[in-house]
Every structure is written in C-alpha cells, then in structure tokens.
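What follows is a single structure, written as structure tokens, with notes after it.
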Amino acid sequence: MNIEPDFAGTIGRTHLESTPAWPAPPAGIGGPNVVTIVLDDTGFAHFGCYGSTLRTPNIDALATGGVRYTGFHTTALCSPTRACLMSGRNHHAVGMRAVSNWSSGYPHMRGGINPRAATIAELLRAHGYATYAAGKWHLAPMEETSAAGPHTNWPLQKGFDRFYGFLQGETDQFHPELTHDNHHIDPPQRAEDGYHISEDLIDQSTGWIRDLTSVRPDRPFFLYLAFGAMHSPHQAPDEYLQRWRGAFDEGYDVMRERWFDRQIELGIVPAGTTPAARNPGVPPWDDLTANQKAFACRLQEAFAAMLEHTDAQIGRLVAFLRQHDLLDNTLLTVLSDNGASREGGPFGVMDEFSFFNGMFEDVDTLVEAHLDDIGGPHSHSNYPWGWAQAGNSPLRWYKQNTYGGGVRDPLVVHWPARIAADGSAGGAIRTQFCHAVDIAATILDITGAPVPDTFNGHAQIPLHGRSIAPTFTDAAAPSPRTVQYFEQMGHRGIYVDGWKATTYHVPGHPYDDDEWELFHLDEDFSETHDLAAEMPEKLREMIDTWWSQAGEMGVLPLDDRTIELFGGAPRPGSPHARGRYDYLAPISHIPSDASPTLGAREWTLTATVEVGDAPLEGVVYARGTHNIGHTFFVKDDQLHFDYNALGTHQRASAPISLEPGAHVLTAAFRRDGKAGVLTIGADGTDLADVRIPKIVRMLGSTGLDIGRDALSTVVDDYIGPFAFTGTIERVSIEIHTRRDAADIAATAAMEMARE
C-alpha cells in the first residue's frame, strides 16, 4: 500500500535498503508578514491623518511611512465587510447580506461564509503561514456561538490557528464575553484591576508572534486584529477620558467645518469639494439645550478617548514588531469596516438599550446624576447623529447607507520593504477606487498564496477582488476594478468608472419608487451634486448595470426586512427551536443570541439544587450586566430576584432557610398588560413577588451564567462571580407565550445596532 503517493524516495524492506525524502516546505515560508487591523464604525474623517483633531499619532505615523487611500469602500455594515475582507468575494455571494445575527432562508443570508469561498486564513495556512485572529469575529450565526456550537463558522474552523476575542458584534470593553480558541473563558482581570479588552488583545497577539518567531523565525504570520473599538459601547480607561474634558464644547457644527478645512489642507479631500448639508434629523448645535450640549460633548469625549486608547494599542503592536525586526517586512493595513454609526439617535444615548426597551432617557437627569459615568464600566453609550456626521466629513449619511458616509472609509497601508514615504505632508495619498474585496486579493498577491479551483472538496467562487499592490508605489496606477455594486437592507448603489448612482430606500416601500441620484465622483467627492435630471440616459445605464451585478453576485432577492426576520418560527437546528431550556450545571457562559428569548413573554425558571452544611449564598442565574438584566441569588439568608431595568431595580426578596438536601427554587414572570409580576418561591411555596411596571424586552448583549455572575454584575450587592455555595443540578427555563409585535421590533432594532 502506498500511503504517500508523492513520496520522492524509495521504499525497501528495511531503511538500509531505502532512500528517505521529505516534502518540500510550503512555498510561503520566508514571505512577508501580514497584519490587518480593522476598526469598527470609524468614519472617513476620524483619524488625525484624515482630517480630524482626534489624537491618533500611531496611525498617523503609519500613514507618514506608507500610503493613505481616499477611494477605499466597504459594504456599509460590519459582518458583510468582514466577509469581503476574509474571502475576497462580495458579501451576498458568500452568504452575508447583512449582520451574521440574521438568517433569512435565502443563500445570500446564512450568517456564515460559504465554504465555496475559502478564507485568506485558510489559503495562507496552506501556504505555510501561521494564522492568528484577535478581537471581534461576527462571522458566525450568533445562535451557534455557545459551547454547543456547531463550531463550523468559528475562527479556528475558518483557517486560523489561534483565536482570542469575542464572537458577537459588540461587547463590553471592561467585561467582555471572551472566547479563546474554541471555548469561552472569563476575562483574566476585572475592570477594577485596570482591565480593558483592547490591551488584552495586544498582549495575546504579541505573545503568539513571540512564540512563533522564537521557534520558527522563517515562518511568516498573518494577524487579523479586529478591535471592538469604535463600536458602542464607547469605553476607555479614565486617564484617557479625562484628557478630552471640554475639547468639544464648540459643538459638532463647528468641529465638522474645522475637520473639513483640515481635510482640504491635507489633500485628503480635493479642493473645491462641497461638504454635505446637515443630514436629515440632525439638530443644529445652537438649538440644543445646555444639558443636551453637555451630554453630547461627554459622549464625543468618550469616543475620542476610546479612539486614542485604541491607537495607543496599535502603537504597542508596532513597537513590538519594530523591536524584533519584523516591521520592515510586514504588510500592515489599518481600516474601518463602515462609516460612523447612526445608532445614537439625534441626541445620543447613555445606554443604547433604552431605545430598544422604549425607556427613553431623560437627558437632564443623566447630566445631573450620571455624566461622569459616560465612557466607564457603567455606561453603554453612543454619540448623536451630529457627531457621527462630523466623523464622516465631508460625506452624506452614515453606516448602513450606500452613500459615501456609509461606504467610503479610511485605509492606511504600511510596508517599509515595499513602500517608501514620498516626503509629502502626511505621507502619500492614493485616490484609486478600491473595495474591501480587494484587500484579500492584495494579500494573496503579495504572499503568492494560490487560489485553487477546489478547496476542501468545494468548488470555489472566483475572487471578485483585485490586487491594489501596484498602487503602493505608483500613484498613477489604474484602479484595480471599474465596477462595484452596493446593497444594504434595500439601499442600493453602483460605481462604474468614476460615476456612482445611489438611492436611499425606505423599508416596506416599493423598490421601483426609490429615487436614484447620479454623481460624477471624479468631480464630486462628497456626492452633493445630483446629475440624474440632467443625464437620465447615464442614470438608466447605471441602474441597468446595478441589476446586472445583482444577478451575477447573488444580491437577489432584494430584502429590506428587519422586524419580519424575527417574527417567524425559530430557525431549525437552533437553540430556540423549543420552548424549554434545560441547563445542566456547571456550564459555560451562554452568549446572548443562544440564551432564552425571554423578552416580554411569560416564563418560569426552576432550579434544582443540593444544599450542604456550608452557609448558603451565591448566584443561581444571572443575565446581562450592571446596566440591564436579571439576577436570582441568595445572600444574608434571603432569596432575591432583581429585575434591572436600565439601572431601575425591582426586587422580590424573602427570608430563606434550607436544610441540607435537595430543594427547588423558582422564579416566574407573568404579564399584566404592559407590566408584569415577578414571583419567587422555594419547594413549591411562593415567598414574595414584585410588580414590574415596565417590561424589559431586550436584556442587553451579554448572555447568561448559571451558578455565578462572572462579568459585569447585575447588582452591587455582591462582587462577581459570587458563586453558588450549594450544588446546582439543573436550571430549567420554560417560556409560556410567544413574543408580541413590540418584542420582535425591539429584537430587530437591537440586532441592527450590533453590527
């Protein structure tokens, strides 16, 4: 039997009669290293080297030694852009029309990357590279992110040797839901100890590289570093928050104008560009009350602090690479996955879940009592539309939209071995049109990694991207492609050789009623001069091209649904294809999307426990964080259930004394119109209840623990994890009613904000 058909030696009866031979090393050995740094929700203007007055000295230094692109485009949303970065194919074609939390039943929205599109991690690993992913993933169906999996779409199954980060679209930066390789873990420290996930990601990344280069210095690496920044919650260490006090008191109208002037001065935006008018719904700064201004400024300060802190972590990574002589031959890119976020609304939010639960915040109360919490562990903030538009200067609209504010983003490329700074202010600028799909193609090009027709038994979709490597050193090199479509939740756009047509779609309205606009991007950087009426034939040609691309790239059927995606039956094979959840303790932390969808429904929680001789205390069940959630616990000989509604606590409490042995603890929620009653009990006897005047439909983006409260504790009564001192055999949660329309709407709104 020939166990190795390609064996180049000879096989005799013994080794004395045989000739050994070894497989040739992978062709990529000795190639350049690759580091791809992805920021979230960072607008075109936000980096200092793109015009803002925010402090990003390390990114700016990379730009000075490399090149900045002003024609880089994305999909306007996070999971789709990341699917493009990972695969080099357009997002609809690989099953990621929108965020991976959704699965519509159509091929373009499965929540994971189709195996017919091998990731660059898979291809680089086959080429000899070590492959590492740190930070945000958001490329697996969220219902599959518990320890039960399936793990098919987790990073290690998509080509990465190591992973350290979070699988969800967002996480608390001080108390993250961490995953290490294929299992969930607790953060190594608490916020009180100075922990922040961005710092942890660099520690892990440099550790991997140190191990690799110590043992195999000939083996190159690919590091995909995707920070949670700048997605909400905007959180940073206090020292960074303090640096920005008062920096934005002039307001977003003044600051946007100032940033635009800097963009013209830097050459990021062409002279003669018309800045976009104020987006619909953005109130003039001078129309805000004093408290609204103070609130909006503090929210922007938190954003600025988080960006500066993230930049410092990038600086730590660059310093490490330089110290170990790795920087010169490392292709390092820094980019954003979409434009600045619109999820903060017109005035900003202290906690974004206030919107999802219909508990609208009182700005006056927040300014008086909680202003200093913004940016810290007890906030989940996002800034207002006015600051988002300033971050997108000089462009229109925001993330989710196919106008420039959603799809035109910063891209910095640094590779000293190939790119020499040209000495101009801020480094070289490249104006070529390019797209997220081109980043993967570029990496494969410069590493020489082949793209086979078949990979792991799957016929492969051809790459849609093209390498931008020629533009690294040649400002006159042509754009890699002349056509690129855009589609996001019904918003549509098409770029063709310097022209762009785009439309804003109102959900539920007929697509044929959408009003298209036409722009000559070569002369109209900010998309402010609509030529549709003057050039109807050109517009018709562009629209026809969009439909042709839509058919070719799997965009159809057009789907603008949000709420409707959550109103039907649960997806077969998901954790929610039943009404009862039985947890056999101890179990791993369960992420939000795999947790019971309690919302405004009636439910009963039953915990079967064994009490020993030690004093009984600890958490039976916890869900959410300090800002919002549930906790069912025993402390000081009392049984408590605390219902935390955005910091307003309703609690059922009763004395409890349990003899050693088996017992049953219960908590039940029953609806009463728009309110409800929470009842706790033990061994079949109701002990206490509390009226819940306002139902919390969405319990935050942090999932549940059984027998402890390990992350941001729901209450201040204890310090986490506050483990249960008895033995929990089983916790069962039974849901008695389906979600109502308002509950489904809240779910949809939350998923939209977790991109």
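So the values come out like this:
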{"item": "Residue check for Thr502: under 17 Å from Pro270 (Cβ atoms) and either of a type in the set (Val, Ile, Thr) or in the same structural domain as Gly406 (by TED's automatic domain parsing) (or both)", "result": "no"}
{"item": "In the stretch 676-713, residue nearest to Pro596 (Cα to Cα) [restricted to those that are more than 24 Å from the chain's Cα centre (by Cα) and of a type in the set (Gly, Ala, Ser)]", "result": "Gly707"}
{"item": "Among the candidates Leu531, Leu556, Leu518, residue that is assigned to a loop (DSSP other than H, G, I, E, B) and over 30 Å from the mean Cα position of the chain (by Cα)", "result": "Leu531"}
{"item": "Subset of the stretch 420-438 that is at pLDDT 90 or above and in a loop (DSSP other than H, G, I, E, B) - its residue that is farthest from Pro80 (Cα to Cα)", "result": "Thr431"}
{"item": "Test: residue in the stretch 564-580 that is in a strand (DSSP E or B), buried (at least 16 other Cβ atoms within 10 Å of the Cβ) and not assigned by TED's automatic domain parsing to the domain that holds Ile185", "result": "no"}
{"item": "Selected residue [among the small types (Gly, Ala, Ser), more than 13 Å from Leu605 (Cα to Cα) and modelled with pLDDT of 95 or more] from Ala622, Ala654, Ala675", "result": "Ala654"}
{"item": "Qualifying residue in the stretch 686-707 (condition: touching a residue at least 24 places away in the same chain (Cβ under 8 Å), within 26 Å of His589 (Cα to Cα), surrounded by fewer than 23 Cβ atoms within 10 Å (Cβ to Cβ) and polar (S, T, N, Q))", "result": "no"}
{"item": "Test: Ser548 is within 17 Å of Trp102 (Cα to Cα) and either at pLDDT 80 or above or surrounded by fewer than 17 Cβ atoms within 10 Å (Cβ to Cβ) (or both)", "result": "no"}
{"item": "Residue match in the stretch 221-234 (condition: assigned by TED's automatic domain parsing to the domain that holds Ile202, surrounded by fewer than 24 Cβ atoms within 10 Å (Cβ to Cβ) and aromatic (Phe, Trp, Tyr))", "result": "yes"}
{"item": "Residue list for the stretch 180-195, filter: touching a residue at least 40 places away in the same chain (Cβ under 8 Å) and surrounded by 13 or more Cβ atoms within 10 Å (Cβ to Cβ)", "result": "His184, Asp186, Pro187, Arg190, Ala191"}
{"item": "Sole residue being of a type outside the set (Lys, Arg) and closer than 30 Å to Leu444 by Cα, chosen from Tyr504, Tyr495, Tyr583", "result": "Tyr495"}
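Every residue, every condition in (1) β-branched (Val, Ile, Thr); (2) surrounded by fewer than 18 Cβ atoms within 10 Å (Cβ to Cβ); (3) over 23 Å from the mean Cα position of the chain (by Cα), yes or no:
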{"site": "Gly267", "(1), (2), (3)": "no, yes, yes"}
{"site": "Ala271", "(1), (2), (3)": "no, yes, yes"}
{"site": "Gly281", "(1), (2), (3)": "no, yes, yes"}
{"site": "Thr289", "(1), (2), (3)": "yes, yes, yes"}
{"site": "Leu321", "(1), (2), (3)": "no, no, yes"}
{"site": "Asp325", "(1), (2), (3)": "no, yes, yes"}
{"site": "Thr330", "(1), (2), (3)": "yes, no, yes"}
{"site": "Val334", "(1), (2), (3)": "yes, no, no"}
{"site": "Glu343", "(1), (2), (3)": "no, no, no"}
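The values are calculated or read from the model by the stated rules, or taken from the named source; none is laboratory data. On a predicted model such as this, the values are computed, not experimentally measured, just so you know. Note: ideal-geometry Cβ built from the backbone for every residue, glycine included; neighbour counts use all protein chains shown.
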